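No lab work stands behind these numbers, since they all come straight from the coordinates. Note that the structure is a prediction, hence the values are computed from the model and not measured. All Cβ positions, even for glycine, are placed from backbone atoms using ideal geometry, and neighbour counts span all protein chains on display.
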Amino acid sequence: GQNIDQPTEMTATEGAIVQINCTYQTSGFNGLFWYQQHAGEAPTFLSYNVLDGLEEKGRFSSFLSRSKGYSYLLLKELQMKDSASYLCAVNRGYSTLTFGKGTMLLVSP
Amino acid sequence: DVKVTQSSRYLVKRTGEKVFLECVQDMDHENMFWYRQDPGLGLRLIYFSYDVKMKEKGDIPEGYSVSREKKERFSLILESASTNQTSMYLCASSLEDRAEAFFGQGTRLTVV
C-alpha cells in the first residue's frame, strides 16, 4: 500500500526557520520530491532526494532517511511569499508520484 | 522553459457527457501524467504514459481513459461524466525517470 503523512497546517513568522516533516510507507521507492503549490497555481519543483542525506538549495534544504522512511523540508529566512502548500511525493518508478495531502504553511509578519 | 499547457482552465459539463481534457508539452518529454487534486485527498494519479501509444493505469483509473497519439500530447477522456468527477485536473510531464515533473495550470472541471 501507499501511505505518506505530513502535517496539515503549520504557521511561522517572517524571518524564522520552519521544518516540514514527511513520513512514508510505499511499495516501490525511487526517490522523494518536494513541490510548492501556491493557491490556484500548479505545483512547482523544489527538491529531489534519492540518497540519504541533506540537499541544500538556497534557502531550502531537504533531508532523506530511507531506513526510517522519513524526509523533511527546511525553509530558512522565511518570507511572506513562502506561504503556500508544500507537497511531499514518493517516486514509485517512471516518475509516477504518490503525494501526501500537503502541508499548508502560513507565514505571518 | 518547459511548458505544459492544458486546453481549458475551467469547464462545466453535464452528467453523462463525454469530456476531453487536452494537454500539450513542448520539451520532448517521454513521460506524461494525469492527476486529479481534491481537498483533503491531495493529488492522485489517474493514468500515465511513458511512450507514444503507451498508457498505464494509475491509482484511480475508473471512469477515465487516455490517448497519446503524439509524443507531445496526452488527452484525458471522461467517458460519461459524473458529479464525483468534479475536480481539479493536472497534467504533468517529465523527461525520464527520477526527473522532476512539470505541471500544467490545471483544469477545474465541474460536472452538473
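Averaged across B:29-38, how many Cβ atoms of other chains sit within 10 Å of each residue's Cβ atom?
2
Looking at the square roots a ≥ b ≥ c of the eigenvalues of the Cα gyration tensor of region B:47-109, which shape do they give, rounded for a/c under 1.5, prolate if a/b is larger than b/c, or oblate?
Taking the square roots of the gyration eigenvalues as a ≥ b ≥ c, region B:47-109 is prolate.
Residues with amide H under 5 Å of B:Ser82's amide H, sequence separation 5 or more or different chain, H placed in the peptide plane at 1.01 Å from N; which?
Those lying under 5 Å, H to H, from B:Ser82 are B:Gly16.
What is the total of Lys pairs in chain B with C-alpha atoms under 25 Å apart, excluding same-chain pairs fewer than 8 positions apart?
17
Largest first and in whole Å, what are the equivalent-ellipsoid semi-axes of chain B based on the Cα gyration tensor, each being the root of 5 times an eigenvalue? Display every interim value, and only then the final one.
On the way: eigenvalues 98, 38, 34 Å².
In descending order the semi-axes read 22, 14, 13 Å.
In the protein assembly as shown, which Cys residues have no partner Cys with a Cβ closer than 4.7 Å?
Singleton cysteines: none in the protein assembly as shown.
Take the alpha carbon gyration tensor of region A:38-109, find the square roots of its eigenvalues, order them as a ≥ b ≥ c, and report rounded if a/c is under 1.5; if not, report prolate when a/b exceeds b/c, else oblate.
Oblate is the answer for region A:38-109, as a/c is 1.5 or above yet b/c matches or exceeds a/b.
For the protein assembly as shown, with equal point scatterers placed on the C-alpha atoms only and solvent neglected, what are the log10 I(q)/I(0) values from the Debye formula at q = 0.11, 0.16 1/Å, to two decimals?
Summing over Cα pairs of the protein assembly as shown leads to -0.53, -1.09.
To the nearest whole number, what is the average tally of beta carbon atoms from other chains within 10 Å of the beta carbons of peptide B:93-104?
5
Which cross-chain or sequence-distant (5 or more) residues have an amide H under 5 Å from the amide H of A:Met104, H modelled 1.01 Å from N in plane?
A:Glu9, A:Met10, A:Tyr86
Karplus couplings for region A:87-103 from phi (6.51 cos²θ - 1.76 cosθ + 1.60, θ = phi - 60°), rounded to Hz, Gly and Pro as x?
With the stated coefficients, region A:87-103 comes to 10, 9, 9, 9, 7, 8, x, 6, 6, 6, 10, 9, 9, x, 6, x, 10 Hz.
Determine, for each peptide in B:24-37, B:60-73, the mean count of other beta carbons within 10 angstrom over its residues, then list the peptides with the highest first.
Working: B:24-37: 20.6, B:60-73: 14.9.
Most protected by this proxy first, the peptides run B:24-37, B:60-73.
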